[in-house]
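Just below is one structure, and these are the notes that go with it.
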Amino acid sequence: MAFVNNLLSKMAISDGHGENSPYFDGWKAYDSDPFHSVENPQGVIQMGLAENQLCFDLIQEWILKNPKASICTSEGVDEFKDTAIFQDYHGLPEFRDAIAKFMAKVRGNTVTFDPDRVVMSGGATGAHETMAFCLADPGDAFLVPTPYYPGFDRDLRWRTGVKLLPVVCESCNDFKITREALEEAYQKAVESNINVKGLLITNPSNPLGTILDRDTLQSLVDFINEKNIHLICDEIYAATVFTKPMYVSIAEILEEDKKCNRDLIHLVYSLSKDMGFPGFRIGIIYSYNDSVVNTARKMSSFGLVSTQTQRLIANMLSDDTFIDQYVSESRKRLAARHGVFTRGLMQVRVGNLQGNAGLFFWMDLRRLLKDSTVEAEMELWRVIINEVKLNVSPGSSFHCSEPGWFRVCYANMDNETMRIALRRIKKFVLQADERQVTAKKQTWHKDLKLSLSFRRCDDTILMTPRMVTPHMMSPHVVVSPHSPLASPLVRARN
């Protein structure tokens, strides 16, 4: 192996992809023992993959009604040649128009987007890497509020040489991004001679399932303008907001803040989450910086969306009636699924961070940890993976600063699998609670035996001419509740 490695590049033999993370280990555990209701009912249920599978019936219905949208049908075959030979990296004009229109629609049409600024990429993964190549050099850094999507370590770091510096957010304020946390992370970078080129945020948040309010977004814009660094806004879950407060895009803040340097603001978008199309690899860069748009478009040659896919999606997104129905129904189904899971877990006293977006929720299992350490979290996670047979993702893989939080994906399964998964979680928690109660009883019995032992010791002392009593002790001595002097047995005798 060493000889082979000598023939490869440093990048090829590095572990920069991040595959050794528990986040990806959970996927491997599922792949080796996947749940199937008939063929493998005791297998691992995949709850670590943020896929939106709740509305494919609507998609399939539209495809059947619109066969001309595909070049692989008798109705659409006449467009096969022109589609097959098109290779302009600007993309089909109708595709960029449809994307810009859809981006505005899912943001409530509060803002508009220029199709000429829409740049294609191979999924959000490719879009993020392209942004890193455009904005930073190897050794430069982006600030990223925690917890954050584990894939960022791969997307922005592996091939670019860029660093990610955590902005630590805490549960005491629902993991909100504060100015103090931003300043602290920025100053640490300055003291370490690290050149900070930007701030990366996800809104809605992955993994929290929450959205950033208008005041927070304005604060972030103020911060990056003061520091003269870039702001990359990952908005790939924009259409998954299923209840109030409603979503605010960074594009709205730009419309309101005329003093902001627009050259510093960039959006990353895709159809992987909002439409449930991760396999189509439709990533979008939308930058307000002309140079970034031009450079990113040239770089997009390395990860274009196939023309066949562009054509299908352009037709689908241009159907206003269908898109209105789809987005509305998707939000309803996400809200219903989220409610079933969170209410079910509350029955066994498992809480979660209150969220209103995304394809997941942030589950709080801190009370089940043996102690508040990453090691204890990993021990609990291994039990959930190997014994409960659920792939939920541990918070430490998202760089969460507090052990005991887990991301649970709920939109990538059918209703029956959902019920089985919920039943497994509830059973596990109830059993864990019973074990804790049993352990406490055992501790109580042990303390009682110790107390009785002290009593026998007291009886021996009472037979001797000299004894220690509370009034003879120093006033600074704290009497232990397990001491014979504090025992109810001793107090009863006195």
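Tell me, what is the Rg over Rh of the stretch 199-334, with Rh the Kirkwood radius over Cα pairs? Don't skip to the end; give the middle numbers.
On the way: Rg = 16.0 Å, Rh = 16.4 Å.
That ratio equals 0.98.
Starting at the first residue of the stretch 57-69, write each ³J(HN,Hα) from the Karplus equation 6.51 cos²θ - 1.76 cosθ + 1.60 with θ = phi - 60°, in whole Hz, x for Gly and Pro.
Once θ is set to phi - 60°, the couplings for the stretch 57-69 become 4, 5, 4, 4, 4, 5, 4, 5, 7, 10, x, 5, 5 Hz.
Using only alpha carbon pairs under 8 Å that are at least six residues apart, calculate the relative contact order of the chain and give it in whole percent.
On the way: 791 pairs, mean separation 100.0, N = 494.
Normalised by residue count, the contact order of the chain is 20 percent.
With the alpha-carbon atoms as the only input, what is the per residue convex hull volume for the chain in Å³? Mind dumping the intermediate values first?
Working: hull volume 115.5 nm³, N = 494.
Per-residue hull volume (Cα only) is 234 Å³.
Taking 4 °C and 1.567 mPa s as the conditions, I'd like the Stokes-Einstein D for the stretch 95-178 in µm²/s, using the Kirkwood hydrodynamic radius from alpha carbon pairs.
87
Would you calculate the separation in nanometres between label points at Ala84 and Leu64, each defined as 7 Å from the Cα along the Cα-to-beta-carbon direction?
Between Ala84 and Leu64, the simple spin-label model gives 2.9 nm.
Ile313: accessible area at probe 1.4 Å, nearest 10 Å²?
0
Counting only C-alpha contacts under 8 Å and six or more residues apart, can you give the relative contact order of the stretch 37-175 as a whole percent? Walk me through the numbers before you get to the answer.
Numbers: 100 pairs, mean separation 18.1, N = 139.
Over the stretch 37-175, the number comes to 13 percent.
On a straight-distance basis, which aspartates and glutamates could pair with Lys259 in a cross-link, Cα separation under 15 angstrom, same-chain partners fewer than 8 positions away excluded?
Asp222, Glu226
Can you return the lysines within cross-link range of Lys441? Criterion is Cα-Cα under 22 Å, with same-chain partners fewer than 8 residues away left out.
Partners within reach: Lys370, Lys427, Lys449.
Have a look at Val168, Val241, Ser219 and report the one farthest towards the positive end of the charge dipole of the stretch 168-245, computed about the Cα centre with Cβ charges (Lys/Arg +1, Asp/Glu -1).
Selected residue: Val241.
Sequence gap at least 6, Cα distance under 8 Å: using those rules, report the relative contact order of the stretch 260-403 to the nearest whole percent.
Working: 104 pairs, mean separation 16.0, N = 144.
The normalised contact order for the stretch 260-403 reaches 11 percent.
As a test question: what accessible area, to the nearest 10 Å², does Thr178 have when a 1.4 Å probe is rolled over all protein chains in place?
40
Based on the Cβ-Cβ distance from Thr112 to Thr178, what FRET efficiency comes out when R0 is 30 Å, to the nearest 0.05? If you can, show how the numbers build up before the last one.
Details: r = 32 Å, r/R0 = 1.05.
FRET efficiency, Thr112 to Thr178: 0.40.
Order the following by accessible area, largest value first: Leu164, Leu345. Probe radius 1.4 Å; ligands, DNA and RNA are ignored. Write out the running numbers ahead of the final one.
On the way: Leu164 25, Leu345 5 Å².
The ranking, largest first, comes out as Leu164, Leu345.
Suppose all protein chains stay in the model; what accessible area per residue would a 1.4 Å probe give for the chain, in Å²?
Working: 24420 Å² over 494 residues.
Solvent-accessible surface per residue comes out at 49 Å².
For the stretch 96-184, which whole-number percentage of the solvent-accessible area (1.4 Å probe, protein heavy atoms only) is attributable to carbon and sulfur atoms? Can you show the working numbers first?
Values: 1510 of 3240 Å².
Exposed carbon and sulfur together represent 47 percent of the surface.
Could you give the dipole magnitude of the stretch 334-433 about its Cα centre, charging the beta-carbon of Lys and Arg +1 and that of Asp and Glu -1, in debye to the nearest 20? Each step should come with its number before you reach the end.
On the way: 14 positive and 10 negative charges, 82 e Å.
So the magnitude is around 400 debye.
Please express the shape of the stretch 247-322 as an equivalent ellipsoid: the semi-axes are the square roots of 5 times the eigenvalues of the C-alpha gyration tensor, given largest first in whole angstrom. Intermediate results must be reported in sequence, preceding the final value.
Numbers: eigenvalues 131, 67, 21 Å².
Equivalent-ellipsoid dimensions as semi-axes: 26, 18, 10 Å.
So what does Leu430 come to for accessible area, using a 1.4 Å probe and Å² rounded to 10?
90
List the equivalent ellipsoid semi-axes of the stretch 393-445 in whole Å, largest first, each obtained as the square root of 5λ for an eigenvalue λ of the Cα gyration tensor.
Each semi-axis is √(5λ); the values are 28, 20, 4 Å.
Sorted by accessible area (1.4 Å probe), largest first, how do Thr321, Thr417 line up? If you can, show how the numbers build up before the last one.
Numbers: Thr321 110, Thr417 20 Å².
Per-residue accessible area, sorted high to low, gives Thr321, Thr417.
To the nearest 20 debye, what charge dipole does the chain have about its Cα centre, counting +1 at the Cβ of each Lys and Arg and -1 at the Cβ of each Asp and Glu?
On the way: 56 positive and 60 negative charges, 473 e Å.
With Lys and Arg at +1 and Asp and Glu at -1, about 2280 debye.
Taking N as the number of residues in the stretch 335-407, what value does Rg over Cα atoms divided by 2.2 N^0.38 Å take? Please list the in-between numbers first.
Values: Rg = 12.2 Å, N = 73, 2.2 N^0.38 = 11.2 Å.
So the stretch 335-407 has a normalised radius of gyration of 1.08.
For the stretch 262-392, what % of the accessible area comes from carbon and sulfur atoms, probe 1.4 Å? Let's see the in-between values first.
On the way: 2570 of 5260 Å².
Here carbon and sulfur together make up 49 percent of the probe-accessible area.
Give me the Debye-computed log₁₀ of I(q)/I(0) at q = 0.09, 0.11, 0.17, 0.20 Å⁻¹ for the stretch 73-223, equal point scatterers on Cα only, no solvent, two decimals.
-0.40, -0.58, -1.12, -1.35
Can you pick out the pairs among Lys10/Lys197; Lys197/Lys298; Lys65/Lys332; Lys197/Lys258; Lys227/Lys332; Lys10/Lys101 whose Cα atoms lie more than 31 Å from each other? Don't skip to the end; give the middle numbers.
Working: Lys10/Lys197 25 Å; Lys197/Lys298 21 Å; Lys65/Lys332 23 Å; Lys197/Lys258 22 Å; Lys227/Lys332 41 Å; Lys10/Lys101 43 Å.
Long pairs (Cα-Cα over 31 Å): Lys227/Lys332; Lys10/Lys101.
For the chain, what is the percent of antiparallel DSSP beta bridges, rounded to the nearest 5?
Working: 20 of 40 bridges.
Taking every DSSP beta bridge with both residues in the chain, the antiparallel ones total about 50 percent.
Rounded to a whole number, what % of the accessible area of the stretch 1-75 do carbon and sulfur atoms account for, probe 1.4 Å?
Numbers: 2710 of 4750 Å².
So the carbon and sulfur contribution to the accessible surface is 57 percent.
Taking the alpha-carbon distance from Lys389 and a cut-off under 18 Å, which aspartates and glutamates remain once sequence neighbours fewer than 8 residues away in the same chain are dropped?
Of all the aspartates and glutamates, those that pass the test against Lys389 - Cα under 18 Å, at least 8 places apart if same chain - are Asp25, Asp31, Asp33, Glu39, Glu377, Glu379, Asp414, Glu416.
What's the angle, to the nearest 10 degrees (0 to 90), between helix 320-346's Cα axis and the longest principal axis of the chain?
So the inclination is approximately 10 degrees.
The values are calculated or read from the model by the stated rules, or taken from the named source; none is laboratory data. What you see is a predicted model; the values in this text were computed from it and never measured. Neighbour counts run over all protein chains shown; Cβ positions are idealised from the backbone, glycine included. When the accessible area is computed, the model is the full protein with side chains, heavy atoms only, and any ligands, DNA or RNA have been set aside. Shrake-Rupley method; radii C 1.70, N 1.55, O 1.52, S 1.80 Å.
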